[in-house]
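Data first, discussion second: the structure below is written as C-alpha cells.
The values are calculated or read from the model by the stated rules, or taken from the named source; none is laboratory data. Note that the coordinates shown come from a computational prediction; the quantities given were computed from them, not determined experimentally. Cβ sites come from the backbone with ideal geometry, for glycine too, and all protein chains shown count toward neighbours.
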Amino acid sequence: MYEMDWSSIPGAIPLLLKGLLITFEVTFTAIVVGIVWGTLLAIARIGPNKILAKLAAGYVNLFRSVPLVMVILWFYLIVPQGLKAIFGDDIGDIRLTSALVAFALFEAAYYSEIIRAGIQSVPRGQVSAGLALGMTQGQTMRLILLPQAFRNMTPLLLTQAIILFQDTSLVYVIGLSDFFGTAYKVGDRDGRLVELLLFAGAIYFVISFSASLLVKRLQARFVK
Amino acid sequence: MSYNWNWGVFLQPSASGDDTYLGWLFTGLKWTVSLSLSAWVIALIVGSIIGVLRTVPNRWLSGFATAYVELFRNVPLLVQLFIWYFVLPELLPPDLGSAIKQSNPLWQQFFAAMLCLGLFTSARVAEQVRSGIESLPKGQKNAGLAMGFTLPQVYQHVLMPMAYRIIMPPLTSEFLNIFKNSAVATTIGLIELSRQAQQLVDYTAQPYEAFIAVTVMYLLINVTVMYLMRRLEEKVRVPGFVGGK
C-alpha cells in the first residue's frame, strides 16, 4: 500500500501562498475586466446598431466555441508579439500578462451572456418609462436598466466567478506558477505528487464550496 | 510583423515520416471526438443515476448524491484529471497499480481522461436531471403511485421520459462543453486536437497556421453538434413546457 507522507507541505507553504496569490490575481482581473467588457458587449448586442450587434455576437460565439486551453495558448502566442511591437524585445516574463489578457477576454464572452439575459429580464415598460420621463437612451440604460439587471443577476455572476476561479488552474498549459502549478512543481520536486495533488484538490474544494454556500445564502436574501 | 505564412505546411510529410501534418490534425480530431463521446456515455449514465438519487425520499441516498455533485463541481477539472492519472494508480493495490503503469501510455491517458471527463460532466448532468424531475408537477408522481406503480416504476415510466425531454436544451450545452473540456487532456499528453496544435508549433514553427486550423476544427465540431442536437430537440420537445434554464 502507498505510504502517505505529508511532510513536504509545511515547508512549501510560502511558495503555495505565492501561487495562490497569482490564482487570485488572475481571477479578480478576469472578473473585473470581464464584467466591464462583458457589459459593453451585451449592450452592443441588444443595441440598435446592427453592425455592432453582429460584431459583439461574433465575438461572444467565437470565444464560447473554443476550449479555454486553446484560448490561453492563443494569447500566449499573440500577446508577446504585441508587446514586442510596442516595447521592443526586452519584455521579460510574459506568462502572467498573457494569462491575464486571455482570461479577461474569454470571461467577458461568458459574462456578456449572463448580463444580456439580465438586461432582457427587466420589463420593457421600464425602458419606455425612462424615455417618457425625458431620459436619453444612455441614461435609461445606466440609471434604470443596469442597476435592476445587476441586482437580478448577482448570484449568476458570482457562480460564474467560482467556475472562473477553478478554471484559472489551466494556466498550467503555459507553465505559469499559480496555486496548482506550484503544488505540482513542489510535488514533482519532492517525489510527493500524490500528496500535493490531493492537497491542492482539497484547498480548491474548500474555497469553491464555501464560496458557493455564500452565494446560496445571498440568493435566498435576494429572492425575499 | 514579418510572419511567413505557409499553408502548404499541412501537406508536408510529418516528422514521424509516415504521415502529413494534416494527418496529425485528423489523428487529433479522432481522439478528441472519441474521448468526448465515450466520456459523454459515462456522464449520461452516472449523471442520470445521481440525478434521480437526489430526488428520492431516502435521506441517505439523496445525501450521498448531493455530496457527489458538490465534490465534482468544486474541484477544478485539471486537478481531477491529475488525480485520476497520477494519484489513482498509486493508491490502488500494488499489483493493479503497476499493471496500469505498464500498459500502453496512450490507453492510460485515454482512460484516465475518459473517466475524469465523464464523472466531472456527470455531476453537471445530474443537476439537470434533478431540475428536470423537480420541474414536473407533483401530481405526476402521485398519480403514478395512485395507479399502483412502485416508486421505481413511477421514475421509469412517468417521470424520466418527461424529464429527459424537458432538459434537452441544457443537455445540449453540456454535450458541447464536454468537447471543449476534452482539451484539458492535453496536459497529460493525450494526442487530441490541442496537443496536436502544440506539436505542430514545435515541429513546423508555423504557429498561426496550426492554431487557426485547430480552432476551425473546434468550431466545426461545435456547429455540427449544435445542428444535430437542434434537430433532436425539435423532435422530442414537449408542447407547453419550456426547457430548464
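Out of (1) surrounded by fewer than 18 Cβ atoms within 10 Å (Cβ to Cβ); (2) away from chain A (no Cβ under 14 Å); (3) more than 16 Å from the chain's Cα centre (by Cα); (4) within 30 Å of B:PRO137 (Cβ to Cβ), the odd one out for B:TRP5 is which?
(4)
Take the residues of region A:142-173 that are hydroxyl-bearing (Ser, Thr, Tyr) and under 12 Å from the mean Cα position of the chain (by Cα): which is surrounded by the fewest Cβ atoms within 10 Å (Cβ to Cβ)?
Here is the first cut: in region A:142-173, the ones hydroxyl-bearing (Ser, Thr, Tyr) are A:154, A:159, A:168-169, A:172.
If we keep only those that are under 12 Å from the mean Cα position of the chain (by Cα) too, we end up with A:159, A:168-169.
Numbers: A:THR159: 17, A:THR168: 25, A:SER169: 26.
Filtering first and then ranking leaves A:THR159.
Pairs under 6 Å by beta carbon, first residue more than 11 Å from chain A (Cβ to nearest Cβ) and closer than 16 Å to B:ALA15 by Cα in region B:204-215, partner modelled with pLDDT under 90 and in a helix (DSSP H, G or I), six or more apart or different chains?
Cβ pairs passing all conditions: B:THR204/B:VAL9; B:GLN206/B:VAL9.
Can you name the condition, by its number, that B:LEU190 falls short on among (1) part of a helix (DSSP H, G or I); (2) more than 10 Å from every other protein chain (Cβ to nearest Cβ)?
Every condition holds for B:LEU190 apart from (1).
Inside region A:58-140, counting only helices (runs of 4 or more DSSP H) that do not spill past its ends, which hold 1 or more residues that are away from every other protein chain (no Cβ under 14 Å), of a type in the set (Phe, Trp, Tyr) and surrounded by fewer than 14 Cβ atoms within 10 Å (Cβ to Cβ)? Steps first, please.
Working: elements: A:68-87, A:95-120, A:124-132.
Answer list for region A:58-140: A:68-87.
I need the helices (runs of 4 or more DSSP H) fully contained in region B:61-110, keeping only those with at least 3 residues that are modelled with pLDDT of 95 or more and of a type in the set (D, E, K, R).
Details: elements: B:77-82, B:88-91, B:94-102.
Once the helices (runs of 4 or more DSSP H) in region B:61-110 are filtered for at least 3 residues that are modelled with pLDDT of 95 or more and of a type in the set (D, E, K, R), nothing remains.
Which one of B:THR204, B:THR187 is farther than 26 Å from B:PHE111 by Cα and either touching a strand residue (DSSP E or B) at 6+ places or on another chain (Cβ under 9 Å) or among the β-branched types (Val, Ile, Thr) (or both)?
Working: B:THR187 fails: farther than 26 Å from B:PHE111 by Cα.
Sole residue among the options that is farther than 26 Å from B:PHE111 by Cα and either touching a strand residue (DSSP E or B) at 6+ places or on another chain (Cβ under 9 Å) or among the β-branched types (Val, Ile, Thr) (or both): B:THR204.
Which number in (1) at pLDDT below 95; (2) within 14 Å of B:GLN80 (Cα to Cα); (3) not acidic (Asp, Glu) marks the one condition that A:LEU197 misses?
Failing condition for A:LEU197: (1).
Restricting attention to region B:37-50, does a residue exist that is buried (at least 16 other Cβ atoms within 10 Å of the Cβ), in contact (Cβ under 8 Å) with a residue 40 or more places away in the chain and among the polar types (S, T, N, Q)?
Yes, some residue in region B:37-50 is buried (at least 16 other Cβ atoms within 10 Å of the Cβ), in contact (Cβ under 8 Å) with a residue 40 or more places away in the chain and among the polar types (S, T, N, Q).
Sort out which residues of region A:174-196 are within 8 Å of another protein chain (Cβ to nearest Cβ) and either surrounded by 22 or more Cβ atoms within 10 Å (Cβ to Cβ) or part of a loop (DSSP other than H, G, I, E, B) (or both), and write them in order of number.
Step one: of region A:174-196, the residues within 8 Å of another protein chain (Cβ to nearest Cβ) are A:180, A:184, A:193-194.
Result: A:PHE180, A:TYR184.
Return the residues of region B:1-54 that are in a helix (DSSP H, G or I), among the aliphatic types (A, V, I, L, M) and farther than 26 Å from B:ALA113 by Cβ; say none if nothing qualifies. So that I can check it myself, show each step before the final result.
Of all residues in region B:1-54, those in a helix (DSSP H, G or I) come to B:7-11, B:21-54.
Of the ones still in play, those that are also among the aliphatic types (A, V, I, L, M) are B:9, B:11, B:22, B:25, B:29, B:33, B:35, B:37, B:39, B:41-46, B:49-50, B:52-53.
Answer for region B:1-54, where residues must be in a helix (DSSP H, G or I), among the aliphatic types (A, V, I, L, M) and farther than 26 Å from B:ALA113 by Cβ: B:VAL9, B:LEU11, B:VAL52.
Counting only residues that are within 26 Å of A:LEU198 (Cβ to Cβ) and more than 14 Å from chain A (Cβ to nearest Cβ), which one in region B:61-83 is surrounded by the fewest Cβ atoms within 10 Å (Cβ to Cβ)? It would help to see each step written out before you state the result.
Step one: list which residues in region B:61-83 are within 26 Å of A:LEU198 (Cβ to Cβ), which gives B:63-83.
Keeping just the survivors that are more than 14 Å from chain A (Cβ to nearest Cβ) gives B:63-65.
On the way: B:GLY63: 12, B:PHE64: 14, B:ALA65: 21.
Ranking the qualifying residues of region B:61-83, first place goes to B:GLY63.
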